[in-house]
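Below is one structure, written out as structure tokens; comments come after it.
The values are calculated or read from the model by the stated rules, or taken from the named source; none is laboratory data. Here the structure is a predicted model, which means the values were calculated and not measured. Neighbour counts run over all protein chains shown; Cβ positions are idealised from the backbone, glycine included.
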Amino acid sequence: MANSKKYWKGLEQLDNQSDFVETSNNEFAEHLPVTEFLEDKENLEDASTTRRDFLKYLGFGVAAASLAACETPVTKAIPYLNKPEEVTPGEANYYASTYYDGSDYAPILVKTREGRPIFISGNKESALTKGAINARVNASVLSLYDGNRLKAPMMGGKETDWDTIDAAVAKDLKTAKNIKVLTSSIISPSAKSAIEQLVGGNTEEAVEGEEVVDNGSAHITYDSISYSGILEANNESFGKEVIPTYSFEKAKTIVSVGADFMGNWLDALQYVNDYAQTRKPDNKWMSKHFQFEASMSLSGTNADVRIPAKPSEYGAIISSLYGKLGGSGGAKTAYDKQIAAAAKELKASKGESIVVCGSNDKNVQVLVNAINEMLGNYGKTIDVKTTSNSKQGVDSRMAELVADMNAGKVDALLIDGVDPVYTMGDSFAKALKKVKTTVSFATKMNDTATACKYVCPSNHGLESWSDAMPVTGSYSLGQPTISPLFDTRQTEESLLKWAGNDLSYHDYIKKYWEENIFPQSGATFFGDFWNKTLHDGVVEVAAAETEEAETIVFSGDASKANSAVKKIKGGTLELELTQNMAVGAGVGADNPWLQEMPDPITKITWDNYATMNPSEMKEKGYNVYFGQEESMNVIAVTANNQKIQVPVVAQPGQARGTISVALGYGKVVGNMETPTGANAYPLVASTKSGVSYYADATIADVELDEAYHIACTQTQQTVMGRDSVVRETTLDVYKKGSKEDYNPAFTLLSGDTDEHGHQIKKELKEFDLWGDQPVKNIGHRWGMSIDMNTCTGCSACVTSCVAENNIAVIGKDEVRRGRIMHWMRIDRYYSSEHQPLGDVGGTHTATKEALDLNGISTYTAMENAADNPSVVHQPMMCQHCNHAGCETVCPVAATTHSNEGLNMMAYNRCIGTRYCANNCAYKVRRFNWFNYIAYHKFTEVNPSQDDLGRMVLNPDVVVRSRGVMEKCSLCVQRIQEGKLDAKKAGSKVEDGNIQTACSIACPTNAITFGDHNDEGSKLAEARNQDRAYRIIEEVGQDGNIYYQTKVRNLKA
Amino acid sequence: MNKITNLTKANTLFKVSLFCFSFLFFQINSYSQEEAVTENPEVVEENAEVAEEKAEAGNGLDGKKLFKANCAACHNVGTKKTVGPGLAGINDKRSREWLGKWIKNNAELRESGDADAVAIFEEYNKSIMPPQPVNDEEIDAILAYIQNPGTEEAAVVEEVGSGEVVEEDNSKLKCIFGAVIILLIVLIITLNKTGVFMREMEAKNEGREYDGPTSLWGNFMKLMGDNKGIVAAIVIVLFFGGLVGLMDGAFEIGVHQGYKPEQPIKFSHKIHAGDDQIDCNYCHSSARHSKTSGIPSLNVCMNCHKAIDGSDGKTFMYNGAEYSMVEEIQKIYDHLDYDPETQEYGDNPTPVKWIKIHNLPDHVYYSHEQHVTAGKQKCQTCHGPVEEMDIVEQHSPLTMKWCIDCHKETAVSTDGNGYYDDMHKRMTPEFREKVMKDGMLTVDEIGGWECAKCHY
């Protein structure tokens, strides 16, 4: 089955583009302009270094180097004067805390060394996220050490001190009447109460979103990405302006129309682990996931059936689904067959399904509610009683605020957590000028802060106290893990101070908890309750069962919504504004780790761009191929009378007639001078009915003086000419067939013949030239198993690896040359069926239904292979081969094998011949081309070039220098630590006690690390499964990393 | 005759050059941070058992011992305040009866309304002196000791250098070398003169004019010209000898065995770890549960030195010289901005910048807990007899060869450790037989020689 598909990493490979074919045969794909350099006679003659100079420098260099080697530097050892009890130099401390950036919420565990936070992982105690984090949560530790953070409060553009600014603000606020506090959604009950102190005194509990009291002061919530449509729809349907909670672990059928619920939609971090639990083919049932969408999202790549559709059609698809499920007046669409198939599955799993839609249109969302109501999902998979607090912004209230500001009805505006000048543009900037007192709490200078009179920089989250109630009854605490690095003060503390409350925010939270949360908790002593919550990070407090005992009934007007939905008109070219995994709504835009993390789908770094269907691009004559020297076409996208310039790239699977641009870009990263990417927020349509993330657009070609390059890792490090890299099958085959059908063992012709004269095939190990290592089954044998069914491709593991192993950031230019240093990459393969219809797999007869359902094959067979490919994400790192190709070719034995199965790398021994990389079948070795932490070329991008940025480095891992080869060590520092802990405790290494950086970061637990020789381990269990295979096992390198065959929930 | 003279000369020359050569390398191997060597010709050898006068109570009880056991944590026998007041002259100030009550239960005394007791209580910030489990006889003994603490502590060196010469006396050696060199030069000149004289005589005897060289240089050149083979051999030997020396020297680069820098505070490990028998782990507590052994923070010093402040004028021997205790201990106080009179800490503390002695390269991840706790190694295995060093020096070369040599010889401490029991279970009989051939499981046999054990 698996071999009936063609896998390709990019269009270059699909179309056998000549450059790709040429470079992919080389280990190092970069183009070195040697001939050009030598042919440039004039330039060479002008060169000022003569041969004699060269020899002089050489001689001097040798002498200087020898002299330097003789020097004995005097090192000082400076102990603490008074050592804090909990700090032991050399040992890490872990603190439970909370991450919340206005959109993503995650309970986290912060690892600190000698008082410096250096690594963030998810808190597995959390019942909400189950420890799920994404790359932004992970990489936020780097933002703490961002040298561009504001270092002191500012007044009128000049640095000042807190006393001065407090006095000035207090004076202004005293005379102000209409004080408005504008924030992102606030999930912290204490912060809400602190804001109330300022805007309304201690009158009453906050009403969702807004609190208006006599003096006209109010707290307004504004989300960079609006979910107003859902809030208002739920208000109409249930009388509650809430975001429901979803139980994806119970959903047998999931239909998502344009909602990337595994990436950035609503509380994705709370869904993704639950979703992954339903994707295990060995369970009783496996969920079936339909995704209708324009651009390829993370959810789309993981869906069983993905149908490209224009964003204007989302409403019609929902309406059609509504009709097919028994509602009246369903719309007609071009996707009838697929919608019918989805409806059939939904009907079969009533009360065990979820329908979601990414549209911000209230009417569409009312219709979605009606569908879920028809399916009986409320109270089962969707809960409107236990609700999520993560999104509270309603568009109309923000519009009202802007109107008030313009009318001069706002005396003072305090802005925290949002950058409305950046996200709303001129409309807000103009209104802001009319406000007399403006205060920004931004941690870094942003567009809004620049326009504000006072800037009172808040602490980084890791320097702050916080609490959170992301979902009714679920609380978490956040504690500082380092003292504020600069002269900054937490927003809440500033607010309290100005409200005349002198409590520190820590005391304030504690008091709030003692008065409000502790009484509900059922605990006996507040001290114990507080300490335990602080230690665990999270606590579930049963909500007081009071007035809401009655069931909430759906009371929306579905038919009215339906007729409104059917009126939505589409355009010839539609622009969809999306968020990607690295930058999100803009949170990660200034973080070098995130910018360098290849996008999970396009594999592009350091840029935003318009994605377009490759067939359409070819029609327009645009370049669809990536490559080091490929020049990309740049287009001007115009929508809502706003124009931005972005390069256009091919995205297989993009709906025809649409382009997509990621939001959140256009910010300056590190020490760079120009912003990275373009800000697409101006293209967001803001109308009376709300904000819309799609629009009719026109595009025009832009001629640039220079070629525009894109740094895409898509076709770098290609595993060549092997067809056993990816193995996938369908649930049908997996359940009914035998292992031979979907995961056959490798055999080779042996040369011996049987009685009929046929050559006998034998298993691989029969051919092995190598004997087993004598210790192979003795002691430890570390390894991993990666389940491609639950791997979503989110790339949290990639940034986690960067943080743990001090991997250098090298910048766009070097990434383009194929020199990205990441030890771990996630290969994204597109695949398309290459077989005629009607012959879907030998022993399994294809039914008519199977063909319809298997939307991918029917669809792709009709169209171009790149129109709607299916996608596989495959994490790839050193396979720690027992018979490694790299080890045998190293001339200096710098890479050798350990008794415990690790492929070791001694950097100080490496002389940089790169033979090992050339001989690696998996292309996982990275050559260190430059001294990235010192060379001036990387000052702009590499955060380790200044002392502040270096504070994030892991002291347990060496910082590699120029000229050595590096690769995944399987986090040997963690293995050593784990073994030592076991030795000290005098017990065996318990399975699961040692986790690598990638396995601990994986939100879906797709990566299992363990000891192959521990027969009771999860790894041994996974390895012995029928789905387990090793990549290109036929080359006989006997790796220690296993993969689990991907199973899609499809028939045949 | 001629030949013999020449050979003698050649030999001498060869010896001289070899000597110079070795001297050269002697210089190369010395450190850039050479320790100022303290001359230590004679160490005051004093008897440690200085007249230890017993308390004159006559009841046979040792007042000093009792004082040390019960009182010394908070009081001293001088006039200086520590936690509690100094007790000099207490017998005159208070009545015996009052003292007895106070020592046994001062709270009761206070409650009874005794004005003196309340005043003291107030003076010392209401810190309570716990009731002491001593009987009247013992109190008498203690008071007698306070009355007459003996003379030994006033001027006596508390810790006396053992008389060992801590360092090789390099200057003496240098003197000898110098003398030898001068002697050799004189010898060469004399030999030259004698040789020329002899040859002149020979020529005279044979009735011809002596036309050979007379100067030392001339003779040297003639010698070279006459013995080209030998000279070539010498040159070759010198060249290769030099090469070998150079390579040996190169191997020594970065090896600082014997590195012994002067530290900012004259802290003697010999006094603390040797004489006072303080366990290494008391100060270097993180050696047991961290990668680093940890330089003790000053609050650890203050555990003892809050009471032991050297105010009694004691001195100590450090590297052969005598120093005042109070000056060195005052350095701790200065760094902490601590005032021993008021017993208060100021707000201007400064860090102590010790000089790090054991410097491993950055790419080596050595773990103390692995060796101390899991491996049950003694500190002295690597650090040498620290308890005998005033100034700590780098005892071991800390080269990789040294590490792996030790890993080859050292048996893993597996007894009673569940981790190794589990590992043993996984061994095949053949493997066990192979590794246990020498009767023990050495570190290298379980992967202690692998790169990634220390380099990552």
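With the range A:160-275 as the region, which strands (runs of 3 or more DSSP E) entirely inside it contain at least 1 residues that are modelled with pLDDT of 90 or more and closer than 30 Å to A:S319 by Cβ? Steps first, answer last, please.
Values: elements: A:179-183, A:218-221, A:243-246, A:253-257.
Where strands (runs of 3 or more DSSP E) fall fully within the range A:160-275 and carry at least 1 residues being modelled with pLDDT of 90 or more and closer than 30 Å to A:S319 by Cβ, they are A:243-246, A:253-257.
Scanning the range A:300-329 for residues that are within 15 Å of A:Y830 (Cα to Cα), outside any strand (DSSP E or B), in contact with a helix residue (DSSP H, G or I) (Cβ under 9 Å, 6 or more places away or on another chain) and not acidic (D, E) returns a single hit, A:N302. Are any residues in the range A:16-49 modelled with pLDDT of 70 or more and crowded, with 17+ Cβ neighbours inside 10 Å, and if so, which ones? Passing the criteria: A:Q17, A:D19, A:F20.
Check every one of the strands (runs of 3 or more DSSP E) wholly within the range A:656-749 and list those with 2 or more residues that are closer than 20 Å to A:K603 by Cβ.
On the way: elements: A:658-662, A:685-687, A:690-692, A:694-696, A:698-702, A:728-730.
Counting at least 2 such residues, we get A:658-662.
Take the conditions among the polar types (S, T, N, Q) and more than 23 Å from A:V137 (Cβ to Cβ) and apply them to A:S969. Does it pass? Against the criterion (among the polar types (S, T, N, Q) and more than 23 Å from A:V137 (Cβ to Cβ)), A:S969 qualifies. The number of residues in the range A:950-965 being surrounded by 21 or more Cβ atoms within 10 Å (Cβ to Cβ) and of a type outside the set (A, V, I, L, M, F, W, C) comes to 2.
Against the test of being in contact (Cβ under 8 Å) with a residue 24 or more places away in the chain, assigned by TED's automatic domain parsing to the domain that holds A:L663 and more than 23 Å from A:N640 (Cβ to Cβ), the options A:Q520, A:Q595 yield a single qualifying residue, A:Q595. Within the range B:316-339, can you find the residues that are more than 14 Å from chain A (Cβ to nearest Cβ) and either in contact with a helix residue (DSSP H, G or I) (Cβ under 6 Å, 6 or more places away or on another chain) or of a type in the set (A, V, I, L, M, F, W, C) (or both)? Hits for the range B:316-339 are B:F316, B:M317, B:A321, B:M325, B:V326, B:I329.
Among the conditions (1) farther than 30 Å from A:E673 by Cβ; (2) touching a residue at least 24 places away in the same chain (Cβ under 8 Å); (3) within 14 Å of chain B (Cβ to nearest Cβ), the only one that A:C920 does not satisfy is (3).
For every residue, the table says whether it meets (1) farther than 30 Å from B:Y366 by Cα; (2) in contact (Cβ under 8 Å) with a residue 40 or more places away in the chain; (3) more than 14 Å from every other protein chain (Cβ to nearest Cβ).
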| residue | (1), (2), (3) |
| --- | --- |
| B:M224 | yes, no, yes |
| B:N227 | yes, yes, yes |
| B:I234 | yes, yes, yes |
| B:V237 | yes, no, yes |
| B:G242 | yes, yes, yes |
| B:I278 | no, no, yes |
| B:R288 | no, yes, no |
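Looking across A:M286, A:M262, A:M296, one residue alone is surrounded by fewer than 23 Cβ atoms within 10 Å (Cβ to Cβ) and at negative phi. It is A:M286.
Among the residues of the range A:80-96, is any in contact with a helix residue (DSSP H, G or I) (Cβ under 7 Å, 6 or more places away or on another chain) and away from chain B (no Cβ under 14 Å)? Give the derivation first.
Taking the range A:80-96 as the starting set, the residues that turn out to be in contact with a helix residue (DSSP H, G or I) (Cβ under 7 Å, 6 or more places away or on another chain) are A:81-83, A:88-90, A:96.
From what's left, away from chain B (no Cβ under 14 Å): A:96.
Yes, because at least one residue in the range A:80-96 is in contact with a helix residue (DSSP H, G or I) (Cβ under 7 Å, 6 or more places away or on another chain) and away from chain B (no Cβ under 14 Å).
Considered as a group, the residues in the range A:798-833 that are touching a Cys at 6+ places or on another chain (Cβ under 7 Å) and part of a helix (DSSP H, G or I) include one that is surrounded by the most Cβ atoms within 10 Å (Cβ to Cβ), and that residue is A:S800.
Of the numbered criteria (1) within 18 Å of the chain's Cα centre (by Cα); (2) part of a helix (DSSP H, G or I); (3) among the hydrophobic types (A, V, I, L, M, F, W, C); (4) under 30 Å from A:L980 (Cβ atoms), the one B:I295 fails is (2).
Please go through the range B:254-287 and pick out each residue that is in a helix (DSSP H, G or I) and either within 16 Å of B:V352 (Cβ to Cβ) or among the polar types (S, T, N, Q) (or both).
Once the filter is applied, which keeps residues that are in a helix (DSSP H, G or I) and either within 16 Å of B:V352 (Cβ to Cβ) or among the polar types (S, T, N, Q) (or both), the range B:254-287 yields B:H269, B:H272, B:N281, B:C283, B:S285, B:S286.
Residues that are crowded, with 24+ Cβ neighbours inside 10 Å and outside any helix (DSSP H, G or I) within the range A:444-457 comprise A:C452, A:V455, A:C456, A:P457, listed in sequence order.
Just the residues that are assigned to a loop (DSSP other than H, G, I, E, B), among the hydrophobic types (A, V, I, L, M, F, W, C) and modelled with pLDDT of 90 or more, please, taken from the range A:772-797. First the steps, then the outcome.
At the first step, the residues of the range A:772-797 found to be assigned to a loop (DSSP other than H, G, I, E, B) are A:772-781, A:788-795.
This time we only want the ones that are among the hydrophobic types (A, V, I, L, M, F, W, C), so: A:775, A:778, A:788, A:791, A:794.
Answer for the range A:772-797, where residues must be assigned to a loop (DSSP other than H, G, I, E, B), among the hydrophobic types (A, V, I, L, M, F, W, C) and modelled with pLDDT of 90 or more: A:M788, A:C791, A:C794.
Looking only at the range A:896-913, how many residues end up being away from chain B (no Cβ under 14 Å) and either in contact with an Asp or Glu (Cβ under 7 Å, 6 or more places away or on another chain) or on the phi < 0 side of the Ramachandran plot (or both)?
Kept after step one, since they are away from chain B (no Cβ under 14 Å), are these residues of the range A:896-913: A:911-913.
Next, from what is left, pick out any that are either in contact with an Asp or Glu (Cβ under 7 Å, 6 or more places away or on another chain) or on the phi < 0 side of the Ramachandran plot (or both): A:911, A:913.
Qualifying residue count for the region: 2.
Of the residues A:F529, A:F525, A:F486, only one is within 28 Å of A:G115 (Cα to Cα), surrounded by fewer than 17 Cβ atoms within 10 Å (Cβ to Cβ) and out of contact with any Cys (no Cβ under 7 Å at 6 or more places or on another chain); which? Quick ask: steps written out before the conclusion?
Values: A:F529 fails: surrounded by fewer than 17 Cβ atoms within 10 Å (Cβ to Cβ); A:F525 fails: within 28 Å of A:G115 (Cα to Cα).
Answer to the selection: A:F486.
Restricting the search to helices (runs of 4 or more DSSP H) fully inside the range B:351-456 and requiring at least 1 residues that are within 13 Å of another protein chain (Cβ to nearest Cβ) gives B:400-409, B:418-426, B:429-435.
Can you pull out the helices (runs of 4 or more DSSP H) entirely within the range A:928-1038 that have at least 1 residues that are within 20 Å of A:I820 (Cβ to Cβ) and away from chain B (no Cβ under 11 Å)?
Those helices (runs of 4 or more DSSP H) span A:947-950, A:997-1001.
State the number of residues belonging to the range A:989-1016 that are in contact with an Asp or Glu (Cβ under 8 Å, 6 or more places away or on another chain) and farther than 26 Å from A:G793 by Cβ. The total comes to 6.
So which residues in the range A:754-802 are among the aromatic types (F, W, Y) and within 14 Å of another protein chain (Cβ to nearest Cβ), if there are any at all? Write out each step before concluding.
Filtering the range A:754-802 down to residues among the aromatic types (F, W, Y) leaves A:767, A:770, A:782.
Passing the criteria: only A:W782.
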